[in-house]
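One structure is given below, encoded as C-alpha cells.
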2 protein chains.
Amino acid sequence: MFNTVPLIQITRGARLEVVYRGAIAVVDARGQLVASAGNPNLTTFLRSSAKPFQLLPLVESGAADRFGFSDRELAVMAASHNGQEFHVQTVVDILRRLGLDVNALQCGIHPPAYPPAARALEDAGQSPNPLHNNCSGKHSGMLAQCLDRKLPIESYLDPQHPIQVTIKQTLAELAGLSPDSIEIAMDGCSVPTFAIPLAASALAFARLADPSRLSEPRRSALERIASAMMAYPEMVAGTKRLDTDVMRAGKGRIVVKGGAEGYYGLGLLPQGLGVALKMEDGDAGRGRNAVVVEALRQLGALDDQALAALSRYVAGPVKNHRGLVVGQMQPCFRLT
Amino acid sequence: MFNTVPLIQITRGARLEVVYRGAIAVVDARGQLVASAGNPNLTTFLRSSAKPFQLLPLVESGAADRFGFSDRELAVMAASHNGQEFHVQTVVDILRRLGLDVNALQCGIHPPAYPPAARALEDAGQSPNPLHNNCSGKHSGMLAQCLDRKLPIESYLDPQHPIQVTIKQTLAELAGLSPDSIEIAMDGCSVPTFAIPLAASALAFARLADPSRLSEPRRSALERIASAMMAYPEMVAGTKRLDTDVMRAGKGRIVVKGGAEGYYGLGLLPQGLGVALKMEDGDAGRGRNAVVVEALRQLGALDDQALAALSRYVAGPVKNHRGLVVGQMQPCFRLT
C-alpha cells in the first residue's frame, strides 16, 4: 500500500467528513529534497505529467526546429487538452506539417474533456475522433520524432520502438535514475507510462524550471518547452482547467503538468524547485486542486493577485445549495 | 482523523496506482456487529442515507395514509433523485395534494443530477428550480409532516422545529442511541444531518430490512417504506444510478440509500442485515460503487444474475481508450 498522509480535510459542522490522502516531494535543481509530506519516494506512474519530458527529445534533437513547430504547437504536444476547437485545429496543423492526418494517431478515442466541446460535437451530429483525445498533441509529437529519425510510424506505441527507448532514457537522465530502474505500464492512450519515485519526478520538474546546470542542447530545449507551456497555457489544458489557470496566474514563474489518477508535477522558476505529488485515491478534482494551490502558497510561489485568480481552487468554506456555509475544507500538510 | 482501511485498489501493470480507503459495519437486526472493515464505530454524517428514516414519522403517524400518498410518492420522498421529468412531476403532485407549490420548498436549487435532464431543461430555455433539487421529495415529505401536525411550514428546516425533533428522536430509537448523543450539522439541502457511528446506522438499516422485532405502527411503516423503495427504485435515484440498479437487481431482497461524500446504507432482507459504509475521500463513483457491490457479494446477497446486472459497478479489469486492459481494480477487504 501507499505511505501517504492526510493532505486535505473537510469538516461539516464540528465534525470531520472527508479526508484526502497523498504524498508530496519538493526537490531543488541539484536534487536535494527540500520538503515533503508522506513518503517522498512513493513510486507510481507519472501518467500525463511526463508529457513535457516525452516532448524533450523532439526539441533537443533539433527536430522541432527542422519541422518549424511554433511554441503554440509545442504547448499542445505537452498537453492533456480539452478537445476544444483550437486544440483540435492545432493538432490538425501539426499532422499536416508532417504529411499525416488523424489516421496516424493511435491514441484511441474519447469525447472532448470540456463538456461544451463534447456537446457542440454532438449537436453537429459528429462523433469524436482521435484528434479529440486529450493526448493527441503528444501523439503528434511522437510521430514527428519518428519521421525526423526516419523510423516507422506504425509501431510508435511499442515500448521497444527507438523513440520510446529515447524518451525513457531522457526521463531517466532528468530524474537521476537508471533507465532500467524505471518500471513501465501502458497509459490510457496506449504509450508507455513511467513509475518513478516522487522525488525523482520532482527533480525532473526542478530541471524543467531551472535547467541552468545542464549542458546544451538540453538546457535550451527545457527552457523552450517551459516557456512554450507558460506562454500558451490554454493549449496545455484549456478552459476551466487547473493547469491552464495556474500557469496564467503564475505569469511565467510556474510551469505545471497534471496527470491522471491524481498525479501532479510543478516547476517553480524563481525558486528553482520541482514538486511532484500524488493523491492516493486518484482525485483530480477539489482535493488535488486544493493541494496544488496550497503547496504553491506554502512554497511562496503565489502572490495575492495569483491567489485571488486561483480562488476557486483554494480550500475554504463549504457552502450548500442555498449558499450557506456548512463546513470547512482545510489543508493539513506543511512543506517544511 | 478517520480510522479507515484500504477497501479498493487499482493497479496499472504490476504496480499500485490508486487506493480507496473507508470503513464498513455490518449489523444484524438485534444490533450485533456481524462483520466490519476499518472502524465500525467511525462517526460521520449519514447525509441522504438518512432519508428512509426522515420519512418514517410521516408513515408511522398515519399521515401518509391520511394524505393518500402512493408507494411511488413515498419512494421519491426517500430519494436523492436525478431531477428527471418523472421525479419532478411526482413532487409536483405531492405538493398539489398538500395545497402547496414549489415556493414552499426550501431545499435550494441545483441543476438536475442526470446530465440529459439538465440539458433538456437548458435546451428548453428554462432554469432549474427547487423541484429539480435531488432532495425535493424529502422536503415535500417534511412539509406533509408539518401540515398533518398543523405546524408552521416556514420554519421546517430549523433543528428545533417539532418535525425535526421527531425525526431525530425516531432515528435515535432505530439506531439504538440517545437523541442527545446525535451530533447534527446542516445538510446540502439545509435540513439537519446526523452524525452517528456506522454500526448504529447499520442497525437502523437492519431494522429497515427486518422490522419484525419492532412494535406497531413502526414495524408496518418500515415495511411499507422498504417495499415502496424497492417497488419504485427509479424514483429513489434514477437512470444510471447505483441505488436504482442495486434495488432492481435485488428484486425485493435489497433496500439501499446512498448519501453524499461516500456514505452508503444497505438493508438485506433475507439475511436481516444492515450495512453502513463510508468512503474516506467522499468518493461516490467507481470506488464507492465497487465497495457496495463487493460487500453485497461477500454477504451472499447477489446471485449470478444480479451480479451480471451490476457488472458495470463491479471491480475488474481497467481498460484504456483503445479497450486494452492496462490494470486491475480489486477489492481489498473481507467482511468476516
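Tabulated values for the structure
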{"quantity": "Pairwise burial B:A, computed as accessible area of each alone minus the pair, summed, 1.4 Å, Å²", "calculated": "4100 Å²"}
{"quantity": "Sulfur and carbon atoms: percent of accessible area, the stretch B:1-53 [1.4 Å]", "calculated": "38 percent"}
{"quantity": "Per residue accessible area of chain A, 1.4 Å probe, in Å²", "calculated": "35 Å²"}
{"quantity": "Distance between the stretch B:79-116 and the stretch B:189-221 - C-alpha centres, whole angstrom", "calculated": "25 Å"}
{"quantity": "Distances in nm from A:ARG72 to the matching label points in the other copies, shortest first (labels 7 Å along Cα to Cβ)", "calculated": "5.6"}
{"quantity": "Ranked by how many other beta carbons lie within 10 Å on average, peptides A:157-169, B:267-279, A:206-218 from highest", "calculated": "B:267-279, A:206-218, A:157-169"}
{"quantity": "At 7 Å out from Cα toward Cβ: A:PRO115 inter-copy label distances (nm, ascending)", "calculated": "0.8"}
{"quantity": "Chain B - Cys residues lacking any other Cys C-beta under 4.7 Å", "calculated": "B:CYS146, B:CYS332"}
{"quantity": "Separation of the B:LEU33 and B:ARG72 label points, Cα + 7 Å toward Cβ, nm", "calculated": "4.4 nm"}
{"quantity": "Interface residues in the stretch A:269-294 - accessible area drops by 20 Å² or more relative to the isolated chain, probe 1.4 Å", "calculated": "A:GLU280, A:ASP281, A:ARG286"}
{"quantity": "Computed over chain B: relative contact order in percent, which uses C-alpha pairs under 8 Å that are six or more apart", "calculated": "25 percent"}
{"quantity": "5 Å-binned pair-distance histogram of the stretch A:128-283 (Cα, whole percent)", "calculated": "2, 9, 15, 21, 23, 19, 9, 3, 0"}
{"quantity": "Sequence ranges B:197-204, B:183-190, ranked by mean other-Cβ count within 10 angstrom, highest first", "calculated": "B:197-204, B:183-190"}
{"quantity": "Mean shadow area of the stretch A:27-126, taken as a quarter of the surface of its Cα convex hull (nm²)", "calculated": "9.4 nm²"}
{"quantity": "For the stretch A:12-153: relative contact order, % (alpha-carbon pairs under 8 angstrom, 6 or more apart)", "calculated": "23 percent"}
{"quantity": "Set of lysines with alpha-carbon distance to A:LYS150 below 28 Å, sequence-local pairs under 8 removed", "calculated": "A:LYS51, A:LYS138, A:LYS168"}
{"quantity": "Estimated distance in nm for a label pair at B:ARG219 and B:MET1, the labels positioned 7 Å out from Cα along Cα-to-Cβ", "calculated": "4.7 nm"}
{"quantity": "Inter-chain Cβ neighbour average for residues B:9-16, partner chain, 10 Å", "calculated": "6"}
{"quantity": "For the stretch B:6-79: relative contact order, % (alpha-carbon pairs under 8 angstrom, 6 or more apart)", "calculated": "18 percent"}
{"quantity": "Apportionment of accessible area to carbon and sulfur, the stretch B:72-115, percent (1.4 Å)", "calculated": "53 percent"}
{"quantity": "Compactness index (Cα Rg / 2.2 N^0.38 Å), the protein assembly as shown", "calculated": "1.02"}
{"quantity": "Spread of Cα-to-Cα distances over 20 Å intervals beginning at zero, given as percent, for chain B", "calculated": "33, 58, 9, 0"}
{"quantity": "Listing of the stretch A:311-334 residues, each with accessible area lower by at least 40 Å² in the full protein assembly than in the chain alone (probe 1.4 Å)", "calculated": "A:ASN320, A:HIS321, A:ARG322"}
{"quantity": "Axis proximity, chain A to B: residue whose C-beta lies nearest, plus whole-Å distance", "calculated": "A:ASP281, 2"}
{"quantity": "Euclidean distance between Cα centres, the stretch A:1-59 to the stretch A:247-289, Å", "calculated": "9 Å"}
{"quantity": "Chain-alone versus full-assembly comparison, the stretch A:96-143, residues with accessible loss of at least 50 Å² (1.4 Å probe)", "calculated": "A:ARG119"}
{"quantity": "At 7 Å out from Cα toward Cβ: A:ARG97 inter-copy label distances (nm, ascending)", "calculated": "6.7"}
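The values are calculated or read from the model by the stated rules, or taken from the named source; none is laboratory data. What you are looking at is a predicted structure, and each value in this text was computed from that prediction instead of being measured. Every residue, glycine as well, gets a Cβ built from its backbone with ideal geometry; the counts of neighbours run over all protein chains shown. Side chains included, ligands, DNA and RNA excluded: accessible areas come from the protein's heavy atoms. Shrake-Rupley method; radii C 1.70, N 1.55, O 1.52, S 1.80 Å.
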